[in-house]
Amino acid sequence: MTELTTNRLKLAPYADDHLDGLNTLNSDPEVMRFISGRPETREETVAVIERVKQRWTEFGYSWWSFIDKESGLIIGAGALQNLRREATAHPDLACPLEIGWRLRRDYWNRGLATEAAHAIAGFAFNTIQADEIYAVCHPDNLASAKVMKRLGMQYAGLQTWYGENLVTYQVTSQLYLK
Ligand SMILES: CC(C)(COP(=O)(O)OP(=O)(O)OC[C@H]1O[C@@H](n2cnc3c(N)ncnc32)[C@H](O)[C@@H]1OP(=O)(O)O)[C@@H](O)C(=O)NCCC(=O)NCCS
């Protein structure tokens, strides 16, 4: 399990004691609006942490909590995971790697998602040695698409992922690391 650091954040692989912080994040309907469309229950967050811990062991990458270095609070979360075409819970290892992010609402508009995303992209290309990474979002999720653009990702059109038509961006290691 790999911890990452940025100027303002520590990115820590999900752990049992992240439950309160992650549930605060994921139970906000506004944060979940373009993700599942509904707030996550505490029981669901428990199950997610368990699944993510297994993925870290199995794959060597998965979800991190974003911890504000100053306050020690969990202020967001992000992932490197395999995309899937269908709306199932199981990763499709034949599919490309996806980078993703979410922040607590009171931490939006400070550049923190982009800062964390750069750390995850660096991990993807330098540690996992990925050739390319993808990012996807609901067509109305303009804030997330802006993070993709700020990362230097390129628009690849609307594609079917998770059983939905999603705005898709991608960047190769060659382009990102140049
Ligand atoms: C997607 C999401 C993480 C984007 O958050 P965000 O705060 O807009 O993105 P960043 O943290 O990178 O912040 C960038 C903004 O902060 C501004 N900013 C303010 N202070 C800054 C600073 N010190 N450094 C950098 N940027 C700063 C930037 O100008 C930019 O604003 P702009 O987009 O109006 O130009 C957030 O909207 C969210 O959590 N949404 C709900 C979850 C979600 O939908 N996740 C994506 C699923 S695909």
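Per-residue answers, yes or no, for (1) hydroxyl-bearing (S, T, Y); (2) more than 28 Å from S173 (Cα to Cα):
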| site | (1), (2) |
| --- | --- |
| N23 | no, yes |
| M32 | no, yes |
| S36 | yes, yes |
| E40 | no, yes |
| E50 | no, yes |
| G72 | no, yes |
| A79 | no, no |
| R110 | no, no |
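Filtered by the rule that a residue be within 9 Å of the ligand (Cβ to nearest atom) and part of a helix (DSSP H, G or I), segment 61-112 gives R105, Y107, L112. Filtering segment 141-177 to residues that are more than 10 Å from the ligand (Cβ to nearest atom), surrounded by fewer than 18 Cβ atoms within 10 Å (Cβ to Cβ) and not in a strand (DSSP E or B) leaves G152, Y162, G163, S173, Q174, L175, L177.
With respect to the conditions (1) within 15 Å of the ligand (Cβ to nearest atom); (2) without any contact (Cβ under 8 Å) to a residue 24 or more places away in the chain, Q54 falls short on a single one, namely (1). Y61 passes every criterion in (1) surrounded by fewer than 17 Cβ atoms within 10 Å (Cβ to Cβ); (2) under 22 Å from H118 (Cα atoms); (3) hydroxyl-bearing (S, T, Y) apart from (1).
Across segment 90-121, which residue is farthest from L22 (Cα to Cα) among those that are at pLDDT 95 or above and of a type in the set (G, A, S)? Filtering first and then ranking leaves A121.
Within 15 Å of the ligand (Cβ to nearest atom), hydroxyl-bearing (S, T, Y), more than 23 Å from L97 (Cα to Cα) and modelled with pLDDT of 95 or more: does that describe T6? No. When segment 14-38 is limited to residues that are touching a strand residue (DSSP E or B) at 6+ places or on another chain (Cβ under 6 Å) and over 19 Å from W108 (Cα atoms), the one that is surrounded by the most Cβ atoms within 10 Å (Cβ to Cβ) turns out to be Y14.
Would you check which residues across segment 115-165 are hydroxyl-bearing (S, T, Y) and without any contact (Cβ under 8 Å) to a residue 24 or more places away in the chain and list them? Selection gives Y155 alone. Scanning segment 113-136 for residues being within 16 Å of the ligand (Cβ to nearest atom) and out of contact with any helix residue (DSSP H, G or I) (no Cβ under 7 Å at 6 or more places or on another chain) gives a total of 8.
The values are calculated or read from the model by the stated rules, or taken from the named source; none is laboratory data. Because the structure is predicted, anything quoted here is derived from the model rather than measured. Don't worry about glycine lacking a Cβ; one is built from the backbone with ideal geometry, like all the others, and counts go over all protein chains shown.
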